[in-house]
Amino acid sequence: MESALQLLALFQREGRLVDFLTQEIAPFADAEIGATARVVHEGCRKALLSHATLVPVRSEEEDAAVTLNAGFDPAEVKLTGNVKGAGPYRGVLRHRGWRAKELKLPAAVAGHDAAILCPAEVEL
Amino acid sequence: MTDRDSHGGQGFVVGIDLGTTHTAMACARRDDEKARPEVVAISQLVAAGTLDARTLLPSFLYFAAEAEGALALPWDAERRLAVGEFARARGADAPLRTVASAKSWLCHPGVDRRGAILPQGAPEDIEKISPVEVSWRYLEHLSEAWDARLAREGHAPAPLGQQEVVITVPASFDAGARELTAEAAMAAGLENVTLLEEPQAALYAWIDAMGDGWRKELRVGDVILVIDIGGGTTDFSAIAAVENEGALELVRVAVGDHILLGGDNMDLALAHVVRQKVMQAGGADLDRWQMGALTHACRGAKERLLSDAQLEAVPIVLAARGSKLVGGGVRSELTREEVTRVLVEGFFPVVPASARPVVRARGALTQLGLPYASDAAVTKHLAAVLGRQAGALARVGLPHDESV
């Protein structure tokens, strides 16, 4: 729970993600949403890449033909389409998948309420 | 300074770049001949009550207001001041409670550098501290974060205070500023400190990166110009390769003034260009908070434009400050033409060797502040250094051209 709150606070602090996701965006034009998306994307991307080491699950290019030998890890690869029989399977890689090799999140100092994702601001 | 042999080859050698805007640290094990220096991530407050490890420690110090309570760290629950990312962020929110550019104060001969003068213009509830103490606090933080990391990761204790520490200082630092840096290190508990000039460190790094190739690149008589354009300062030094009893030796032959002009000034200049465009397009003037965000956005846009020759413009978006993000922001763009004009013509114009920076007499008021460069043209400052040091090569017995 604590680390999930840290992750939300991180994306809010760096990329205003909580602000973006909680706002009703239907009334706005695409150009305005697009402009905001740049802010959110830039900040959240920086936060993600500096705290998580992400690698593709499969090293092949997407849309390349792949062969899965019997005994592949079903948690790593999801089979779709005409799924039947036993392996080896021949198919096309539709998504390379993502693996978080490492994730280092900020930590709360003892006594800090992690539920405050972003403090209110009052200018004096 | 302790005897090196007393370490018995154990422990670490640690390099600290105590910069004007950022501080960084790298280490290598002493007992491993092949060890490569590794950048050390520095635990620091990045937001209220939130600790994160970053490779850079912004060189900012923030004094908590009474109502804020303590700025607790895992190793000190009662601390009333913060250094690093949170301090920098608070600096934008509450500038009078924040110290920035302490290193520039440390080498400012016009002020009492041991006097409690920072932050300038601080409210009365702050007990001001000296430029030396600010450097001490940064080094103390590095030491605490280092010790805490070793303990957290289950390593044998090796307090930073007892490691072989090298701190880099600008070649332009006068004897006083060097002494004060050593004093700050001592106060922070660093017992075994060597000061190394930054351009020398840069040259060693270059030699290291070249492998054995550097011997081909560098011959006796060569002079290397090291140009260090930092966040807040610029330094020029010339280092000559000379022969000493058959061995190649690198000797610093010239050093320019410590110029208070750097990348931050360039980003701010770009921000003012975009601000003008926003206002000309009928937008309201930007407030201080928006200017801060704009400067940050311009830095990112500049880096993209300068690293991708195909890009002609990069959109700039300032999000609304409140929680309603979409719809309230300011949109503009930074173009290649603007970056080229502001940076090349403003900061790096092509100038004759005889060019010199404009020096403006400083009024009584500004003398209280930092002596910022009044001419933004880095190339003019460089021309001045080269002109002034034309005789330097003769002094180390190298062939030289008298006409320069």
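The values are calculated or read from the model by the stated rules, or taken from the named source; none is laboratory data. Note that this is a predicted model, so its numbers are computed, not measured. Cβ sites come from the backbone with ideal geometry, for glycine too, and all protein chains shown count toward neighbours. What goes into the accessible areas is simple: the full protein's heavy atoms, side chains included, and nothing from ligands, DNA or RNA. Shrake-Rupley method; radii C 1.70, N 1.55, O 1.52, S 1.80 Å.
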Original post:
Which of the residues spanning the stretch B:380-397 are open to solvent by less than 30 Å² (accessible area, probe 1.4 Å) and either modelled with pLDDT of 85 or more or basic (K, R) (or both)?
Top reply: B:H381, B:A383, B:A384, B:V385
Original post:
Mind checking which pairs have a first residue in the stretch B:191-210 that is among the aliphatic types (A, V, I, L, M) and a second that is part of a helix (DSSP H, G or I), Cβ under 8 Å, 6 or more apart or different chains?
Top reply: B:V193/B:A182; B:V193/B:A185; B:V193/B:M186; B:L195/B:R178; B:L195/B:T181; B:L195/B:A182; B:I207/B:W214; B:M210/B:E217
Subject >> Residues of the stretch A:96-108 classified as under 17 Å from A:L7 (Cβ atoms) and surrounded by 12 or more Cβ atoms within 10 Å (Cβ to Cβ), total >> reply: 6
Original post:
Which residues, counting only those in the stretch B:198-249, are in a loop (DSSP other than H, G, I, E, B) and among the acidic types (D, E)?
Top reply: B:D222, B:E245
Original post:
Going through the stretch B:368-379 one residue at a time, which ones are assigned to a loop (DSSP other than H, G, I, E, B) and open to solvent by less than 40 Å² (accessible area, probe 1.4 Å)?
Top reply: B:G369, B:L370, B:A373, B:D375, B:A376, B:A377
Original post:
Which residues, counting only those in the stretch A:7-32, are open to solvent by less than 40 Å² (accessible area, probe 1.4 Å) and touching an Asp or Glu at 6+ places or on another chain (Cβ under 9 Å)?
Top reply: A:L10, A:Q12, A:G15
Subject >> Failed condition for B:S143, given (1) over 23 Å from B:A28 (Cα atoms); (2) under 25 Å from the mean Cα position of the chain (by Cα) >> reply: (1)
Original post:
Take the residues of the stretch B:52-74 that are surrounded by fewer than 22 Cβ atoms within 10 Å (Cβ to Cβ) and closer than 16 Å to B:W146 by Cβ: which is modelled with the lowest pLDDT?
Top reply: B:P74
Subject >> Pairs, first at negative phi in the stretch B:34-53, second assigned to a loop (DSSP other than H, G, I, E, B) and among the basic types (K, R), C-beta under 9 Å, six or more apart >> reply: B:A41/A:K104; B:D52/A:K104; B:A53/A:K104
Original post:
Among the candidates A:L93, A:L54, which residue alone is surrounded by 16 or more Cβ atoms within 10 Å (Cβ to Cβ), over 26 Å from B:R321 (Cα atoms) and in contact with a strand residue (DSSP E or B) (Cβ under 7 Å, 6 or more places away or on another chain)?
Top reply: A:L93
Original post:
Out of curiosity, is B:A94 in contact (Cβ under 8 Å) with a residue 40 or more places away in the chain, touching a strand residue (DSSP E or B) at 6+ places or on another chain (Cβ under 8 Å) and either more than 30 Å from B:V253 (Cβ to Cβ) or open to solvent by less than 40 Å² (accessible area, probe 1.4 Å) (or both)?
Top reply: no
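Condition check ((1) out of contact with any strand residue (DSSP E or B) (no Cβ under 8 Å at 6 or more places or on another chain); (2) among the charged types (D, E, K, R); (3) more than 26 Å from B:A67 (Cα to Cα)) across all residues:
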| position | (1), (2), (3) |
| --- | --- |
| B:L106 | yes, no, yes |
| B:G115 | yes, no, yes |
| B:R137 | no, yes, no |
| B:H141 | no, no, no |
| B:R149 | no, yes, yes |
| B:A156 | yes, no, yes |
| B:L160 | no, no, yes |
| B:E164 | no, yes, yes |
**OP:** Please tell me if B:G322 is under 20 Å from A:A31 (Cβ atoms), facing another protein chain (nearest Cβ under 10 Å) and open to solvent by 20 Å² or more (accessible area, probe 1.4 Å).
**Re:** no
**OP:** Looking only at the stretch B:278-316, count how many residues are hydrophobic (A, V, I, L, M, F, W, C), open to solvent by less than 30 Å² (accessible area, probe 1.4 Å) and either within 14 Å of chain A (Cβ to nearest Cβ) or assigned to a loop (DSSP other than H, G, I, E, B) (or both).
**Re:** 8
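Condition check ((1) at pLDDT below 95; (2) in contact with a Ser or Thr (Cβ under 9 Å, 6 or more places away or on another chain); (3) part of a helix (DSSP H, G or I)) across all residues:
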residue	(1), (2), (3)
B:H155	yes, no, no
B:E179	no, no, yes
B:A185	no, yes, yes
B:L195	no, yes, no
Subject >> Filtered residues of the stretch B:174-185 (kept if more than 15 Å from B:E164 (Cβ to Cβ) and either small (G, A, S) or open to solvent by 50 Å² or more (accessible area, probe 1.4 Å) (or both)) >> reply: B:D174, B:A175, B:G176, B:A177, B:R178, B:E179, B:E183, B:A184
Original post:
Taking into account only those residues within the stretch B:100-131 that are assigned to a helix (DSSP H, G or I) and either open to solvent by 10 Å² or more (accessible area, probe 1.4 Å) or in contact with a Pro (Cβ under 7 Å, 6 or more places away or on another chain) (or both), which is nearest to B:A82 (Cα to Cα)?
Top reply: B:A102
